[in-house]
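The values are calculated or read from the model by the stated rules, or taken from the named source; none is laboratory data. All values derive from a computational prediction rather than experimental measurement. Ideal geometry is used to build each Cβ from the backbone, glycine not excepted, and the neighbour counts take in all protein chains shown.
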Amino acid sequence: MFRYFLWERDVLDELSGHGGPARSSREAARQDARARSFQEGMDYAGQIALALGDLVLHESVPDDVSAVFDKITADITGLPTIPGTHFIGLSPS
């Protein structure tokens, strides 16, 4: 719940003051809102990439599942994945 009202102006002003001048200027609030929107978009893009990868796996299982998911994720999000940092295609050792 806290993550939802952390974005409300009154809550930001209350939390950021600490007895001194408040950090929460209008520009800072706009920057926070843009960062929140960007992160939400990246979360959705990641879910779309997983769904598309799942559809690919239902058609045929590629030799390198991890490489396929890396490519799909990079195509959807516009960002390359960092090798070894996701759970797709990893087997327990």
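Every residue, every condition in (1) loosely packed, with under 13 Cβ neighbours inside 10 Å; (2) at pLDDT 85 or above; (3) among the small types (G, A, S), yes or no:
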position	(1), (2), (3)
D13	no, no, no
R36	no, no, no
Q39	yes, no, no
D43	yes, yes, no
A49	no, yes, yes
G78	yes, yes, yes
P83	yes, no, no
Please tell me if S66 is at pLDDT 70 or above, of a type in the set (S, T, Y) and not in a loop (DSSP other than H, G, I, E, B). yes
Could we say that I72 is of a type in the set (A, V, I, L, M), modelled with pLDDT of 85 or more and under 18 Å from the mean Cα position of the chain (by Cα) here? yes
Pairs, first within 14 Å of G78 (Cα to Cα) in the stretch 33-46, second part of a helix (DSSP H, G or I) and not charged (D, E, K, R), C-beta under 6 Å, six or more apart: A45/I76; A45/T77
Single unsatisfied condition, H58 versus (1) free of Cβ contacts under 8 Å to residues at least 12 places away in the same chain; (2) within 17 Å of the chain's Cα centre (by Cα): (2)
